[in-house]
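Reviewing the structure listed below.
The values are calculated or read from the model by the stated rules, or taken from the named source; none is laboratory data. Quick caveat, the model's predicted, so the values are computed rather than measured. FYI the Cβ positions are ideal-geometry reconstructions off the backbone, even for glycines, and counts take in every protein chain you see. SASA here: full protein model, heavy atoms, side chains in, ligands and nucleic acids out. Shrake-Rupley method; radii C 1.70, N 1.55, O 1.52, S 1.80 Å.
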Amino acid sequence: MLTITDPSDMRVWSNRAASTGRTIGFVPTMGALHEGHLALIAEAAERCDAVVVSIFVNPLQFNETTDFDSYPRPIDDDIAVCSAAGVSAVYAPTARAMYPEGFQTRVVPGALADRMEGPGRPGHFEGVVTVVAKLFGAVRPDAAIFGQKDFQQLAIVTAMAADLDMGIEIVGHPIVREPDGLAMSSRNVRLTPTQRSAAVCVPRSLDAAISAAGHVDATAGSVTGAAAQVIAAEPLARLEYSTVFDADTLEEFNSDDSLRQSGADRVLRIATAVWFDDVRLIDNRPLAE
Ligand code: PAF
């Protein structure tokens, strides 16, 4: 397995792979790889001949420097994990290679970025699509696999790839969960053991929301209210938001909107963000499974 750190070397590698007729499946990551990433790598390997994993903690998408600074960076372990998983190349560019002096161009996402996570994280999605566009430019994949845990990110990247005629298939992979239901995330390692036990309230709040959505007179408010009750019962957790939204448009429902009258062909999901001290966890699930 090769480790490549320079964008032009990455392009040379990809062009060579393409010239021998091999398709490239791409898994963009910020490292601290876990079972969830391995599932994305497996999906890429099923779809394509060669798999490239990028590892880059992208400063453009962080709102807090402390979050950026404390983001885990176990690069040697990550490279070993990729090698054991049969990855063909790891692309781990330096910040200087990605954003050299004079770097000034940004990709601006559309309205999908103004909802849900958007208002609370100004510039976050612009940072995400800018780095993803750059990674796509270097790796030149046929398909790129993203986890559904960052559901809004997946929707925004899908729109970017279509709008900018990138010719890359964007694939959403289902959330991979710990045995107790907590969604796998690189941020989970930052939880203390007590916070980690408490964090089970996040998937449980989604269970409660899904049960509430089964009632005939369910509204968006009754569903998010059921989720909020579970979080409120956990003293170590602080709810930032829970919201019911349309999976295609990301349009959020108002509290008194009835779920039954929302239209039979709409797929609804609930998403939530919950803090444990300075660690922010997100999760989402379809309301009907
Ligand atoms: O989901 C992530 O890990 C990041 O947002 C991504 C897509 C690698 C861009 O930095």
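With a 1.4 Å probe and every protein chain kept in, tell me what percent of the accessible surface of the chain is carbon plus sulfur.
Whole-percent figure for carbon plus sulfur exposure: 50.
Using packing as a proxy for protection, rank 60-73, 182-195, 20-33 so that the peptide with the highest average count of other Cβ atoms within 10 Å comes first.
For the peptides 60-73, 182-195, 20-33, the packing ranking is 20-33, 182-195, 60-73.
Please report, in debye to the nearest 20, how large the charge dipole of the range 1-158 is about its Cα centre when each Lys and Arg carries +1 at its beta carbon and each Asp and Glu carries -1 there.
Here the range 1-158 has a charge dipole of around 480 debye.
Size of the dipole of the range 155-289 about the Cα centre, Lys and Arg at +1 and Asp and Glu at -1 on the beta carbon, nothing else charged, in debye to 20?
560 debye
How big is D for the range 71-161, in µm² s⁻¹ as a whole number, if Stokes-Einstein is applied with the Kirkwood radius of its Cα pairs at 20 °C and 1.002 mPa s?
Using the Kirkwood radius from Cα pairs, D works out to 142 µm²/s.
Using the Cα atoms of the range 103-220, I'd like the radius of gyration and the largest Cα-Cα distance, Dmax, both in angstrom.
Reported Rg and Dmax, both Å: 17.3, 54.
If you restrict to DSSP beta bridges whose two residues both lie in the chain, what percentage is antiparallel, to the nearest 5?
Expressed as a percentage, antiparallel bridges in the chain total about 50.
At 7 Å along Cα-to-Cβ for each site, give me the label-to-label distance between TRP275 and ASN254 in nm.
About 2.9 nm separates the two model spin labels.
Using only alpha carbons, build the gyration tensor for the range 42-106 and give me the equivalent ellipsoid semi-axes, biggest first, whole Å.
Listed largest to smallest, the semi-axes of the range 42-106 are 26, 16, 11 Å.
Based on Cα coordinates alone, diagonalise the gyration tensor for the range 1-116, multiply each eigenvalue by 5, take square roots, and list the semi-axes in whole Å, largest first.
Equivalent ellipsoid semi-axes, largest first: 25, 18, 16 Å.
Report, to the nearest 10°, how far helix 151-163 tilts away from the longest principal axis of the Cα atoms in the chain, using its own Cα long axis and a range of 0 to 90°.
50 degrees
Using the per-residue mean of other Cβ atoms lying within 10 Å as a proxy for protection, in what order, highest first, do the peptides 251-257, 83-89, 37-43 fall?
Highest mean packing first, the order is 37-43, 83-89, 251-257.
So what's the back-of-envelope 222 nm ellipticity for the chain, counting only DSSP H runs of four-plus at -39500 (n - 2.57) apiece and dividing by all residues, rounded to 500?
Helices in the chain give a 222 nm mean residue ellipticity of -11000 deg cm²/dmol.
Rolling a 1.4 angstrom probe over the protein heavy atoms, how many square angstrom per residue are accessible across the chain?
46 Å²
Just the ratio, please: alpha-carbon radius of gyration of the range 152-277 over 2.2 N^0.38 Å, N its number of residues.
This ratio for the range 152-277 stands at 1.18.
Over its Cα atoms, what ratio of radius of gyration to 2.2 N^0.38 Å does the chain give?
Relative to the rule-of-thumb radius for its length, the chain sits at 1.03.
Hey, what angle do you get for helix 75-84 against the long axis of the chain, alpha-carbon based, 0 to 90 degrees rounded to 10?
In the chain, helix 75-84 runs at an angle near 80 degrees to the longest axis.
Okay, which of the range 140-157 sit inside 18 Å, backbone N to the point 7 Å along the Cα-Cβ direction of THR105?
Answer for this model: 140-141.
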